[in-house]
1. Which ones in segment 230-243 are under 16 Å from Val89 (Cα atoms) and not aromatic (Phe, Trp, Tyr)?
2. Among the residues of segment 130-159, how many are farther than 19 Å from Lys242 by Cα, out of contact with any Phe, Trp or Tyr (no Cβ under 8 Å at 6 or more places or on another chain) and either polar (S, T, N, Q) or touching a residue at least 40 places away in the same chain (Cβ under 8 Å) (or both)?
3. Can you tell me which condition Val132 does not meet? The list is (1) within 17 Å of the chain's Cα centre (by Cα); (2) within 30 Å of Pro212 (Cα to Cα), and all the others hold.
4. Give the residues of segment 222-256 that are farther than 27 Å from Ala46 by Cα and open to solvent by 40 Å² or more (accessible area, probe 1.4 Å), sorted by residue number.
5. Give the residues of segment 45-74 that are assigned to a helix (DSSP H, G or I), touching a residue at least 24 places away in the same chain (Cβ under 8 Å) and open to solvent by 40 Å² or more (accessible area, probe 1.4 Å), sorted by residue number.
6. What number of residues within segment 76-108 are open to solvent by 40 Å² or more (accessible area, probe 1.4 Å) and aromatic (Phe, Trp, Tyr)?
7. Here are some conditions: (1) modelled with pLDDT of 85 or more; (2) open to solvent by 70 Å² or more (accessible area, probe 1.4 Å). Ala262 meets all but one. Which one does it not meet?
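The values are calculated or read from the model by the stated rules, or taken from the named source; none is laboratory data. In this text, all values refer to a predicted model and were calculated from it rather than measured experimentally. In this analysis, Cβ positions are derived from the backbone assuming ideal geometry, glycine residues included, and neighbour counts consider all displayed protein chains. SASA here: full protein model, heavy atoms, side chains in, ligands and nucleic acids out. Shrake-Rupley method; radii C 1.70, N 1.55, O 1.52, S 1.80 Å.
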Amino acid sequence: MSGTVRRLAGMLHRRPRLRLSLLLTAPLLWLAVLYLGSLTVLFVSAFWTTNSFTSEVVKVWSADNFRALLTTPVYRQVILRSIGVALAVTVLCAVIAFPLAFYTARVARPRWRPLLVVAILTPLWASYLVKVYAWRLILSQGGLADWMLRPFGLSGPGFGLPAAVLTLTYLWLPYMILPIHTALEQLPDNLVDASADLGARPGRTFRSVVLPMVLPSVAAGSIFTFSLSLGDYITVQIVGGKTQLIGNLVYSNIELNLPMAAALGTVPVVVVVLYLLAMRRTGALSSL
């Protein structure tokens, strides 16, 4: 028995590719069966129909569900609104995250930087629902937002699309800060010093030196903020008022029209894949 084990160990030592293949077999099978398999079932079931009287799934092939997504104004509006919300959250996260990451990576004292990173990560340790309901209290009538804006003659946004964008921005902001912080921390000081020695002003140094090197990390963070916002539906239900996003339509159609819910569920998958292909050209995937 020991001799067989030694021969097997020797063979694996001489063949690193075989050893790597055996190590990756189990997780790849798990990925193929559970993740890719579920996506395949989702896509296939989107071509089925539903009995209008009993709401039972009828396994008759038809493209009516996808045709309805393209021709029904309500579905088009919800899809475009969902993409717009995801893009708005991504832009807001990038605008807020950059100065915060610049301070934690380049301005703060080195001994304080790990503590600041921990502070950035702390909201991720709290429950998702706790954070969303906390924002519901903040944005509610007579809540903290109203109390802070009342001296200026203003009121809080209340519940609706702006509240959903604001809450999603808070939820996913750490996913944008961390990649940018890492990129700024790894930015060589001699490049910034060389730019200043050559007479470049801070704005020119930022545009010509800092931004090109940090942009892939911004794109990498945007993958998280965009995809997480596009598929979210709980936040919209809690603080979105009557606003409907694509996740809400999927949830509402699961019981009544499962094939239509599956067709709606394929839209975020396709949009995220297209977004990943676009971000791949920026080098964002190598920054993850």
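1. Leu230, Gly231, Asp232, Ile234, Thr235, Val236, Val239, Gly240, Thr243
2. Adding up the residues that qualify gives 1.
3. (2)
4. Taking segment 222-256 as the starting set, the residues that turn out to be farther than 27 Å from Ala46 by Cα are 222, 238-241.
Listed by number, the list holds a single entry, Gly241.
5. Going residue by residue through segment 45-74, those that are assigned to a helix (DSSP H, G or I) are 45, 64-71, 73-74.
If we keep only those that are touching a residue at least 24 places away in the same chain (Cβ under 8 Å) too, we end up with 45, 65-66, 68-69.
Result: Phe66, single match.
6. Of the residues in that region, 2 qualify.
7. With respect to (1) modelled with pLDDT of 85 or more; (2) open to solvent by 70 Å² or more (accessible area, probe 1.4 Å), Ala262 is out only on (2).
Residue by residue, here is whether (1) open to solvent by 80 Å² or more (accessible area, probe 1.4 Å); (2) of a type in the set (A, V, I, L, M); (3) at pLDDT below 70; (4) not in a helix (DSSP H, G or I) holds:
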{"residue": "Arg7", "(1), (2), (3), (4)": "yes, no, yes, no"}
{"residue": "Met11", "(1), (2), (3), (4)": "no, yes, yes, no"}
{"residue": "Thr25", "(1), (2), (3), (4)": "no, no, no, no"}
{"residue": "Val41", "(1), (2), (3), (4)": "yes, yes, no, no"}
